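Okay, structure first, notes after.
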């Protein structure tokens, strides 16, 4: 049975609208109207959520603190989170994504768009379900968020690990900048594209001798990739006898 979607929202009209649309989409919805209740439900070992929709402006424990707590708990540190908020500034979006949210949508929002984002986040979560990646020098444990290069453990931030995970799962293929930005920072990230360059550089530095598995190159985008210029830098993960299992 599919895991439920936990909606943590104090506005009863929004919460019920989300419940209705989630259930119409074939998903089970659980509602919490406070941060404390949401945390309790999220950490329930009996029926843990497969996705959390989290309002930031909650009474008591606010959404920001709750997101931090969820990312510290082993049971929920990898659970996808979509943030809902009336805060629309770029700084607020970046802060929310840096806390560990997988996507960020501002109020008022289109329910149709939100449901599309829910489906996209759940698809990405399903694609991340494979447990490990290994090549001749590097191994990545997606479940425990652990990276080993040439026998040495590598400590990465959450964003760096998410970026490496996407590259590992795209091994041998060019991943466009927009694909990486969407996968790591979410579809509503409109910040400086140099953020990606900085994270790639830091990731290569931390990986040391394994860093040359990440290769920058230019890619001419196909007509379906209309969000970027025709000649767009991409990132290629170059595996050595790579295997994903």
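The values are calculated or read from the model by the stated rules, or taken from the named source; none is laboratory data. Small disclaimer: the values here were computed from a predicted structure and weren't measured. A quick note on method: Cβ atoms are made from the backbone with ideal geometry, for glycine too, and the neighbour counts reach across all protein chains shown.
Looking across the range 13-24, just one residue is in contact with a strand residue (DSSP E or B) (Cβ under 9 Å, 6 or more places away or on another chain) and over 22 Å from residue 47 (Cβ atoms), and that is 14. Does the range 131-151 contain any residue that is under 15 Å from the mean Cα position of the chain (by Cα), in contact (Cβ under 8 Å) with a residue 40 or more places away in the chain, buried (at least 17 other Cβ atoms within 10 Å of the Cβ) and more than 22 Å from residue 38 (Cα to Cα)? No, every residue in the range 131-151 fails to be under 15 Å from the mean Cα position of the chain (by Cα), in contact (Cβ under 8 Å) with a residue 40 or more places away in the chain, buried (at least 17 other Cβ atoms within 10 Å of the Cβ) and more than 22 Å from residue 38 (Cα to Cα). Scanning the range 49-71 for residues that are more than 19 Å from residue 158 (Cα to Cα) and surrounded by fewer than 16 Cβ atoms within 10 Å (Cβ to Cβ) yields a total of 4. For the range 139-153, residues that are touching a helix residue (DSSP H, G or I) at 6+ places or on another chain (Cβ under 8 Å) and closer than 25 Å to residue 79 by Cα total 4.
Scanning the range 157-209 for residues that are loosely packed, with under 15 Cβ neighbours inside 10 Å, touching a helix residue (DSSP H, G or I) at 6+ places or on another chain (Cβ under 9 Å), farther than 23 Å from residue 117 by Cα and at pLDDT below 85 gives no hits. Only one entry in 22, 18, 27, 58 is over 18 Å from the mean Cα position of the chain (by Cα), in contact (Cβ under 8 Å) with a residue 60 or more places away in the chain and in a loop (DSSP other than H, G, I, E, B), namely 27. Taken over the range 64-106, the criterion of being farther than 14 Å from residue 8 by Cβ, in contact (Cβ under 8 Å) with a residue 60 or more places away in the chain and in a loop (DSSP other than H, G, I, E, B) is satisfied by 77, 78, 102.
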